[in-house]
1. What is the distance in Å between the Cα centroid of segment 110-152 and that of segment 302-345?
2. Helix-only estimate, please: 222 nm mean residue ellipticity of the chain, summing -39500 (n - 2.57) across DSSP H runs of length 4 or more and dividing by its residues, to the nearest 500.
3. Sum up the charges of everything whose Cβ sits under 10 Å from the Cβ of ALA98, counting Lys and Arg as +1 and Asp and Glu as -1, but leave ALA98 out.
4. Measuring from label point to label point, each 7 Å out along Cα→Cβ, what is the ARG65 to HIS330 span in nm?
5. Order the peptides 338-344, 218-224 from the highest to the lowest mean number of other Cβ atoms within 10 Å of their residues.
6. Quick one: net charge around GLY463, please, counting Lys, Arg +1 and Asp, Glu -1 for every other residue with C-beta under 10 Å from its C-beta.
7. If the chain between ARG100 and ALA535 were fully stretched, how many nm would it gain, using 0.36 nm times the residue separation less the Cα-Cα distance?
8. Residues in segment 189-204 near a label at ASP231, defined as backbone nitrogen under 17 Å from the 7 Å Cα→Cβ point?
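All of the numbers you see were taken from the coordinates with simple rules; none came from a lab. Every value quoted in this text rests on a predicted model; they were computed, and no experiment measured them. Note that we place each Cβ from the backbone using ideal geometry, even for glycine, and neighbour counts take in every protein chain shown.
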Amino acid sequence: MNIDDAPATGFIQPGPTLANTFDDDRALRSHLRRVLPGELLAVAGTDYAALGEHAAKAWESARSRTPEAPRLVQWDAWGTRVDRIETTRAWQHGPVLAARFGLVATGHEAAHGAHARVDQFARVYLHHVASEFFTCPLAMSDGAVAALKASGNAALCARVLPRLLSRDPDRLWISGQWMTETAGGSDVGRTATVARRDAQGRWRLHGRKWFTSAVIGEMALALARREGAGDGADALALFLVETRDAEGCWNGIRVDRLKDKLGTRELPTAEIHLEGSLAEPVGDLAHGVRQVAPMLNVTRTWNAVCALATMRRCLALTLAHARRREAFGHALARLPLHRATLAALQAEFEAAFGLVFFVVELLGRVEHGGGDADQALLRALTPLAKLWTAKLAVRIASETCEAFGGAGYIEDTGIPLLLRDAQVYPIWEGTTNVLALDALRALRGDRIRHVLHAADALLVEAGGDAHGIAAALGAARDQLDSLEHSRDELESVARGIALTLARGFAAALLARHARWTREQQGNAQTGAALSLFAAHGISRLRAPAMDAVAMLVDNGAP
Ligand code: MFK
């Protein structure tokens, strides 16, 4: 049968399409206009538009082909162990786009000073979804740059940083971060990999790494325990491992298998054995967690920016669909409950956007000599932004599936992928609970005062606090103070405190931005987002309920 002779099938719903994702993004555009100098925005704007165009096209092309997955080929035809990882097309092209758009390098561009990080993360945000999580190894690379700079190891920096920051795809290096082991995912202190000297006095690593997301890279930073150094996190050291030797052979690395993951399937996450891999200490042969911490904070910022990118993609598709899909005699976008649902999600997204890009701005300031107050604020807000946006991305992706009805549950619409991928954000780089406890660590002493003081200053800039933002933040501080001497109770409510601080600070930022957009752009949409966000409630505090918890977890025995 000729295709032209096929019987008419009646109504067919067109799938959602994307316009240039930069042109279309009010939150991003108004934010960049407020914080970036005009000259930088004018030059970088060409790249943002190109990334936005690429993102729209990548969405279309992904719909017209069968999804690809990476493959591990362990043996060649003649029996030689090769452990070759074959990646998808988007991944093969990843280094070219990363170098061309400076997805790591622009963040360290000296000429742009403290603004470099905003420029960089605007690029990351625009490219993340289209990159098919190639941003994951880029995050590790950026984190490695931060850890190496903080280490003060001049020789390693001179050798490696020009590679990690290269704008030439043939010179660009990608770095992994190898921490997670079978015994230690969150509790990194249980790392069992051992560092031992060989006959020539060189360090070699022996052990098993359970999640290595960038074994395709040229190097990795890995935690290992110097032989005989004792137990615990303090006895760990941080090492740089180059994955291949001068002949291009694996540096004592055996790739056991690729992970069969819920999402991020294009990302070839591997289990590996280190069998005498040559390694170089980054700093002292102790305090490895402290040495890797700058990396963790940078990768957690990437996590938050990528979570935002997923939210924005979900909202763009949901709105595009709501404008074209009709039900009950109207476009979905005209139905009161559907409209209210979408607007509430958009408001949450805009608040989260402000918090994440404020963290990005602070990171730039701190890296360019920012004072103690900026440092304390950055340390406190990074885990808050990471944990809140990770959860929110899952919620928005789940609502997105629902907003498409049955089509949102069908794999080749591309919608379920957003939800499966979003679920990585609350796990990757520390779970919600680990991050909530890190927030407690970061808020110790008078750091909480810096957060509240900064929020007060934002509310002054906003011209007032019409939504009880300061009160919500104050209540979180009071709970933190009142439970200071009862560690178990404090930990049991840490999520509520962290979420309240994240939401309260985000609301203060949104209030300031609402004033700016109203006065500078004659636009009341940010103010509307603030009203809806606040109406949804800022506080997420919970009272400790230790007895009830014990009854439920310990099977009735308090
Ligand atoms: C997209 C790709 C996805 C692919 C699938 C992914 C699946 C998941 C794959 C993974 O496994 S990703 C990695 C997830 N793991 C983590 O992110 C680690 C989570 N654990 C933590 O974050 C713990 O809080 C941490 C290991 C960092 C610390 O726990 P410890 O061992 O109890 O350390 P301790 O004694 O509290 O802190 C040691 C030092 O580090 C202290 O400094 P001092 O020695 O000077 O006192 C801390 O203050 C410091 N520190 C800890 N966290 C810090 C920090 N400093 C700055 N910033 C931080 N964030």
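1. So the separation of the two Cα centres works out to 29 Å.
2. Here the helix-only value at 222 nm equals -17500 deg cm²/dmol.
3. Its environment carries a net charge of +3.
4. Placing both labels 7 Å along Cα→Cβ, they lie 4.1 nm apart.
5. Going from most to least packed, we get 218-224, 338-344.
6. Net of charged neighbours comes to 0.
7. 152.3 nm is the gain from fully extending ARG100 to ALA535.
8. Under 17 Å, as judged by backbone N against the label point of ASP231, lie 189-194 of segment 189-204.
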